[in-house]
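Notes follow once the structure below has been shown.
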Amino acid sequence: MDNNGSGEDVDNVVAMTQLNSSSDWSDLLQELSENKDKKIYIQLFSHFAPKVKAYIIRLGLVETTAEELMQETMLAVWRKAHMYNRSKAAASTWIFTLARNQSIDWMRKQKYPEYSLDEWIEEPDEHNHEGENLVTSDRMEKAISKLPENQAQVLYMSFFEGRSHSDISERLGIPLGSVKSRIRLASEKLKTMWRDDV
Amino acid sequence: MNIKHHLDEATLVSYAAGSMSQAMALVVACHISICPSCRERVSQSEAIGGILLDSLDEASISDDALDQVLACLDQEPEIDIEMIRTSKQHQPSSDLIPRPLQDCIGNSFEDIEWKRIVPGIYYYDLPFKTEKGGASRLMRIAPGKAMLPHSHDGNELTLILQGSFSDEMGRFTAGDIADLDSEIEHQPLVDSDEDCICLIATDAPLKFSTLLGKLVQPMTGF
Ligand SMILES: [Zn+2]
């Protein structure tokens with residue numbers, strides 16, 4: 001299949017790069033929040049559904065459950081789209097929280113205590129949050145890859161394996177205090193990059 | 001509300017990652033719902049999750065996944081977005097009880113079936129016991145009562161909902177959170193003339209009973 005004409009290849013590349021930065025996806029989700037249009041939804045689905053499923057599999061759930069929870073998450077994207085506010089969170093962040101909550105609710109058979117997305121609508125904007133969400137995912141990925149390995153490790157164990165501080169402490173055989181200070185350092189480093197890049 | 005004591009960065013990350021027990025997450029959600037500065041910080045921690053999600057290699061999804069989801073969308077009732085926006089705007093909420101806790105206990109501390117441990121000290125267990133370790137509990141402590149000095153093996157979160165207490169870390173009033181780990185030893189004393197009501201969660205159940213044991217000790221000693 002790789003003997004396509006070169007012109008076609010270029011077209012494909014152009015099509016694929018049209019929406020490659022996180023801010024474009026956020027714009028698209030914002031559009032969906034104002035206008036529930038299936039064409040927009042399908043684009044978001046194609047991009048996010050395979051990633052959401054990958055995330056759920058990394059949490060340790062089996063294929064069929066991951067597929068089911070992925071579909072539930074993507075349904076929630078449609079149902080809750082009107083609550084999305086581009087200036088508060090990037091599309092990937094918002095969809096991450098939906099996938100996280102779906103997975104936790106399923107694993108624990110209990111709702112994850114939320115600080116209610118509704119409050120986004122109620123609260124007047126105190127600060128302008130634009131800056132942090134406009135930092136491209138490329139940049140952030142780079143920042144994460146630059147973290148010392150032992151700091152990146154505790155982030156991955158938290159986000160992808162759902163391990164609590166004490167769980168990580170047992171696994172790695174290090175004191176609870178060290179787990180916390182590694183997470184603290186990693187997070188503060190990333191947040192500093194956010195601020196400085198604005 | 002003048003909040004002086006906030007959540008530890010590591011606690012916020014754990015909450016954002018969804019890697020914290022239900023019991024602890026409830027306390028975090030309660031503080032965040034009344035503290036704009038921690039809300040801002042947690043949204044940044046969640047953004048780390050967003051970036052990590054975006055960085056994942058795509059998993060293969062079933063061929064008819066999109067069709068199945070689209071079929072469900074067709075059965076969704078039409079939602080009037082404007083109506084939702086305006087109806088959410090002026091929902092009254094209790095000053096004392098943060099909304100995530102209201103979901104568990106309702107609107108008033110008076111309606112709770114407090115259990116007495118000893119005179120002046122009451123508790124109420126929240127239904128988060130199935131967790132592989134976590135426990136959360138409301139405590140109601142009369143003025144002048146103190147806990148024995150204690151430390152913890154795991155994490156312990158205490159959110160003050162009413163009244164105040166002081167310990168080595170300072171003075172804690174409504175809205176403040178004491179986010180402690182094993183390195184800190186403290187002896188909280190209820191230091192104003194009203195009952196202090198707080199929401200406590202630990203990620204290690206044994207420690208929680210130890211804490212209570214210690215709390216009871218000075219009273220039974222009399
Ligand atoms: Zn705070």
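The table below gives the values:
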item: Filtered residues of the range A:135-175 (kept if modelled with pLDDT under 90 and of a type in the set (A, V, I, L, M)); result: A:Val135, A:Met140, A:Ala143, A:Ile144
item: Tally of residues being touching a helix residue (DSSP H, G or I) at 6+ places or on another chain (Cβ under 7 Å) and away from the ligand (no atom under 16 Å from the Cβ) across the range B:21-34; result: 1
item: Only one of B:Ala29, B:Ala47 that is in contact (Cβ under 8 Å) with a residue 60 or more places away in the chain and touching an Asp or Glu at 6+ places or on another chain (Cβ under 7 Å); result: B:Ala29
item: Scope the range B:35-64; condition crowded, with 20+ Cβ neighbours inside 10 Å and more than 15 Å from the ligand (Cβ to nearest atom); matching residues; result: B:Glu46, B:Ala47, B:Ile48, B:Gly49, B:Gly50, B:Ile51, B:Leu52, B:Leu53, B:Asp54, B:Ile61
item: Of all residues making up the range B:16-32, the number that are within 14 Å of A:Asp105 (Cα to Cα) and either assigned by TED's automatic domain parsing to the domain that holds B:Leu138 or not aliphatic (A, V, I, L, M) (or both); result: 4
item: Pair list, Cβ under 6 Å, 6 or more apart: the range B:190-206 residue polar (S, T, N, Q), other residue surrounded by fewer than 21 Cβ atoms within 10 Å (Cβ to Cβ) and at pLDDT 85 or above; result: B:Ser192/B:Ser164
item: Verdict on A:Arg171 being outside any loop (DSSP other than H, G, I, E, B) and farther than 23 Å from A:Ile56 by Cα; result: no
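The values are calculated or read from the model by the stated rules, or taken from the named source; none is laboratory data. Keep in mind it's a predicted model, so treat the numbers as computed, not measured. Heads up, the Cβs are rebuilt from the backbone with ideal geometry, glycines too, and the neighbour counts pull from every protein chain shown.
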